[in-house]
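Structure record follows, encoded as structure tokens.
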């Protein structure tokens, strides 16, 4: 699936750079589809282009720094291009970006997937950036909402499908409710419509994504109902869940996994911390014991289930005792891997006003210590799969890496021996023969 090409030598070109989460990737794919439908030709980021779009992130200070660096580097490479800053940073700091000389147009989240309608016809750089107005809360939060078009994923076997946006949780450290707005779900019929189009384009894996997909609800139907509906679209693809907040729908999803093998045996459940006093300060809605029971019950029902999580270290008030307890719990719970982030204050959040800040050197030490535990957990999970047979969706067949792809339970598998006619975007059954790294294995194809 190469980049879409439009006929004619005078077709304008556009390139999109995405910073941040899987939901941002889904939004960028919708932006790309919108532009191509309007006659643009999409080119890889870094190639010369008439239009440059930076889809930004603001979840951490590091993400915002990456956004600024991407904008200024793009302007240096393309001094005459029209440059759009879209997404979370645009929603959080519209006035500041409206003063950034490298930018021509600022588009916040609610309107960015229909970017084409905001572009000037002549595409001339204005004297100062234009800023698309943030909609009111009422107009920003229709339930259910719809998206035009279908996400564009050139050269990808897997496609993200946006089913939800926004968040009603009030986690004390998190800026997302301000950048994404209130919780809302996408229309059941519109999700189904885009899923059908993605399958028609040849994608063999669809990943459901949102800020909190566990909150999906349309006319009384929840995420488990939606997953079952999508799986009924046909037998030639599999469905994977994106990051899913712990909640009541998780046991229903696990139940569906037990009898539907095309719902990938993978859950990413962000825990954020594994000690109760810090969880309370973070305003998370569970205790360590409640979270542990949820995860342990899931793994008991599906022994090769891959459970990933996120941890946030260096939170204000974090003590050495709390961190040590988190390390013990992280090592004891049946996680297959985890991502570790260092806390950075987000202006306007309750945590930003908290005292007892953890100094950077200590936060870095704790971050690295938890990363090491996570690496051990990932190797252990990979080791438990040796000898097992896994379904792999082949992502690449080319040197230097050779044939490889993701298993149903989210291991990266390198094929040692495979059929000569094996192609990307093909399912192959693989016997795992050894471990090559954290959550990485090698194996031999047993059938195609």
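The values are calculated or read from the model by the stated rules, or taken from the named source; none is laboratory data. The model shown is predicted, which means the values in this text are computed figures rather than measured ones. So basically every Cβ, Gly included, is an ideal-geometry build from the backbone, and we count neighbours across all protein chains shown.
Overview of values
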| item | result |
| --- | --- |
| Residue check, residue 363 modelled with pLDDT of 95 or more and over 18 Å from residue 265 (Cβ atoms) | yes |
| Listing of helices (runs of 4 or more DSSP H) fully contained in the range 1-109 that carry 1 or more residues being over 22 Å from residue 134 (Cα atoms), under 22 Å from the mean Cα position of the chain (by Cα) and free of Cβ contacts under 8 Å to residues at least 40 places away in the same chain | 61-77 |
| Residue match in the range 399-413 (condition: at pLDDT 95 or above and over 23 Å from residue 204 (Cβ atoms)) | no |
